[in-house]
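Since the structure comes first, as structure tokens, the remarks are kept for the end.
The values are calculated or read from the model by the stated rules, or taken from the named source; none is laboratory data. Everything quoted here is computed from the prediction, not taken from an experiment. Cβ sites come from the backbone with ideal geometry, for glycine too, and all protein chains shown count toward neighbours. Each accessible area value is taken on the protein alone, full model and side chains, heavy atoms only, with ligands, DNA and RNA left out. Shrake-Rupley method; radii C 1.70, N 1.55, O 1.52, S 1.80 Å.
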Amino acid sequence: MKIGKMFKWYWQNTYWGLIGFYGAMLALMLLGFTIIVFSGGGDVTMNGFSCSSEVMLLVMGIIFFSAGTRFGLSNGVSRKTVFCGMALFMLTFSAGTAVINVLGEWTGRAMGLGTVGIAEIIYPWIDNFVGRLGIVLSRVIGGWAMGLLGYFIGGAYYRMNKIWKIIVSITVPALLVFGLPLLVVAAPSSVTTAVGKFFPSTIDWLAQSPYNLTLLWLGGAILCGIFSWLLIRRAPVKIAG
Amino acid sequence: MHNSIEAKGLTVQFGTVTALDQVDISFGENRIYGLLGRNGAGKSTLLNVMGNRLYPTQGSVSIDGEPGAENDKAQGKIYYMGEKNVCPDGTTVRQLFRWSRDFYPAFDMEYANQLAAQFGLNTKKKLKGLSTGYLTIAKLIAALASNASYVFFDEPVLGLDANHREMFYRELIHRYSERPSTIIISTHLIEEIADIVEQVVIIKEGKILLDRPAEEVKRMGYMVSGKASEVDAFCAGKQILGEDQLGGLKSVCLLGEPENVPATLEIAALDLQKLFVQLTNA
């Protein structure tokens, strides 16, 4: 299998984006630091590290399906290698960004910036190594899950024909914006009560430990991975134009 | 060990359209094949299935005795040069060569750079910024330098001017004589490849119509030319493939072997394009 070669290819198509992203983050940190210095100790908060990299992974996943499938299949690489290379790269990339993000947040705090991650807001009581490791792990798997979700979305669009693309592009946002609120209003009270109980209890469970959050992300990653594999396993090389 | 690509019972359906219909074909070691067919005949579909770029509805492909589908090792022996660009938008020519080297370890970088200079191709340019002709040249160079055991050229001279086409054909023969491999050229420019190909495969409506050595194909018929009235008299009752007339002179392509040809008429080998047109028109 040429997993290593595909991994390298994904990396070669990503590192400029990564440099740009962290360059922008560094510029923001320096800007915040400059403001603090010149304002004589103002309050500057930035939490871009927490979810910006997950959004980046989502976008990467969307792009990777078509780009990787076209390139891989046209260069003697099988679908399973294209897929495994992507999954491994996403996991490694997510781990790398999680570590950089933690270091970035520490650096930010040392510079006097308020750089608090979402996980630290959810788990403010964690002050030991195992807890902190759980937070980092939840970020790694969270980023991976977002990347695989993006890959699934990219794959779904890649496999759809033009008519289905239009239908899905209109109906999914419409359902989310109008359909869900209507459903909540129209649903019988027993259903809304059950849903109302389910969400708070799930959030309570997640708030107990970052390892619970990691498990949730892992479930999402596995689900997106399975659906993505179903999309790629018979995918042809499709080139627009 | 069978050094060939063997397709057995290949069927590809796109909705109600059957692009390939129970195709059985073998592409042997170190030969140049001309894969000919009209638009939509199934040439690209056949190449795409053999190159694992498309899944067949039915049938299988083996490469040197190994299953071809989803097999990295077997597929690594095939280099597919298609019409469209498969690299991401920002890819430069140099990057295309580097990636080709990554995925095809026998890729000859020195030869690729030498060819780029010969064709006047700037390797620092992005593929997206190249003209159709130069994009084709970049892909041709990568294919020639790949040193893969099987190289598929799907419309290899798209957008190339006559000079560059000549250069490509010359380079192809030169490379083939130095490092033989199995080359499959799918093209509509039959006359241009007529003298290069060793085996002719004609595909029509998803079925293999003809699969014979080029020399044998040329001997399937002959061309007779001379005064129109004499040519007409000679051709009466014979199987005519096609004819051309210029003033009082006429040339006619006929099926079969030349027999009892009057001394006033000239005989020449059969034109592959005329044979193709005749076979695929019927």
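Screening the candidates B:GLU83, B:GLU110, B:GLU171 for the property of being surrounded by fewer than 18 Cβ atoms within 10 Å (Cβ to Cβ) and at pLDDT below 95 yields one hit, B:GLU83. Checked against the criteria, A:LEU213 counts as touching a residue at least 40 places away in the same chain (Cβ under 8 Å) and of a type in the set (A, V, I, L, M, F, W, C). Here B:ARG94 passes the criteria (1) buried (at least 20 other Cβ atoms within 10 Å of the Cβ); (2) in contact (Cβ under 8 Å) with a residue 24 or more places away in the chain except the one numbered (1). Close contacts from segment B:230-259, counting a first residue that is among the aromatic types (Phe, Trp, Tyr) and a second that is open to solvent by less than 70 Å² (accessible area, probe 1.4 Å), with Cβ to Cβ under 8 Å and a gap of 6+ residues or different chains, come to B:PHE234/B:VAL224; B:PHE234/B:VAL261; B:PHE234/B:PRO262; B:PHE234/B:LEU265.
The residue list B:ALA214, B:ALA263, B:ALA236 contains one member that is open to solvent by less than 50 Å² (accessible area, probe 1.4 Å) and among the aliphatic types (A, V, I, L, M), which is B:ALA214.
Of the residues making up segment B:197-209, those that are under 14 Å from the mean Cα position of the chain (by Cα) and buried (at least 16 other Cβ atoms within 10 Å of the Cβ) are B:VAL197, B:GLN199, B:VAL200, B:VAL201, B:ILE202, B:ILE203.
Scanning segment B:37-72 for residues that are within 18 Å of A:SER74 (Cα to Cα) and part of a loop (DSSP other than H, G, I, E, B) yields a count of 10. Which one is farthest from the other protein chains (Cβ to nearest Cβ), of the residues in segment A:214-239 that are β-branched (Val, Ile, Thr) and closer than 30 Å to A:ILE203 by Cα? Only one residue tops the list, namely A:THR214.
Output yes when any residue across segment A:83-91 is of a type outside the set (A, V, I, L, M), outside any helix (DSSP H, G or I) and surrounded by 24 or more Cβ atoms within 10 Å (Cβ to Cβ), and no when none is. Looking through segment A:83-91, none of the residues is of a type outside the set (A, V, I, L, M), outside any helix (DSSP H, G or I) and surrounded by 24 or more Cβ atoms within 10 Å (Cβ to Cβ). If you go through segment B:176-196 and keep only what is buried (at least 17 other Cβ atoms within 10 Å of the Cβ) and out of contact with any Phe, Trp or Tyr (no Cβ under 8 Å at 6 or more places or on another chain), you end up with B:TYR176, B:ALA194.
For segment B:35-63, the tally of residues that are open to solvent by 50 Å² or more (accessible area, probe 1.4 Å) and at the interface with chain A (Cβ under 10 Å from one of its Cβ atoms) stands at 1. Any residue that is open to solvent by 30 Å² or more (accessible area, probe 1.4 Å) and closer than 26 Å to B:GLU171 by Cα - is there at least one of those in segment B:64-79? Checked against the condition, which is being open to solvent by 30 Å² or more (accessible area, probe 1.4 Å) and closer than 26 Å to B:GLU171 by Cα, segment B:64-79 yields at least one hit. For segment A:164-217, a tally of residues being within 24 Å of A:ARG139 (Cβ to Cβ), open to solvent by 60 Å² or more (accessible area, probe 1.4 Å) and aliphatic (A, V, I, L, M) returns 3. The lone criterion from (1) open to solvent by less than 20 Å² (accessible area, probe 1.4 Å); (2) at pLDDT below 95 left unmet by B:PHE119 is number (2). Confirm whether A:GLY112 is over 30 Å from B:SER44 (Cα atoms) and assigned to a helix (DSSP H, G or I). No. Within segment B:106-125, being among the small types (Gly, Ala, Ser) and part of a loop (DSSP other than H, G, I, E, B) holds for B:ALA106, B:GLY120. Checked against the criteria, B:THR132 does not count as within 13 Å of B:GLU83 (Cα to Cα), away from chain A (no Cβ under 13 Å) and among the polar types (S, T, N, Q). Of the residues in segment B:5-13, not one is outside any strand (DSSP E or B), out of contact with any helix residue (DSSP H, G or I) (no Cβ under 6 Å at 6 or more places or on another chain) and surrounded by fewer than 22 Cβ atoms within 10 Å (Cβ to Cβ). Screening B:ILE137 with (1) open to solvent by 10 Å² or more (accessible area, probe 1.4 Å); (2) at pLDDT 95 or above gives one miss only, at (1). Identification of strands (runs of 3 or more DSSP E) wholly contained in segment B:126-230 with 3 or more residues that are hydrophobic (A, V, I, L, M, F, W, C) and in contact with a His (Cβ under 8 Å, 6 or more places away or on another chain) yields no element. Taken over segment B:73-91, the residue count meeting the criterion of being in contact (Cβ under 8 Å) with a residue 24 or more places away in the chain and assigned to a helix (DSSP H, G or I) is 1. Do we find that A:PHE38 is closer than 24 Å to A:ALA95 by Cα and of a type in the set (A, V, I, L, M, F, W, C) in this structure? Against the criterion (closer than 24 Å to A:ALA95 by Cα and of a type in the set (A, V, I, L, M, F, W, C)), A:PHE38 does not qualify. Contact map, segment A:122-139: residues that are under 9 Å from A:PRO210 (Cα atoms) paired with residues that are open to solvent by 70 Å² or more (accessible area, probe 1.4 Å) and assigned to a helix (DSSP H, G or I), Cβ distance under 7 Å, separation 6+ or inter-chain. Pairs shown: A:GLY134/A:TYR211; A:SER138/A:TRP217.
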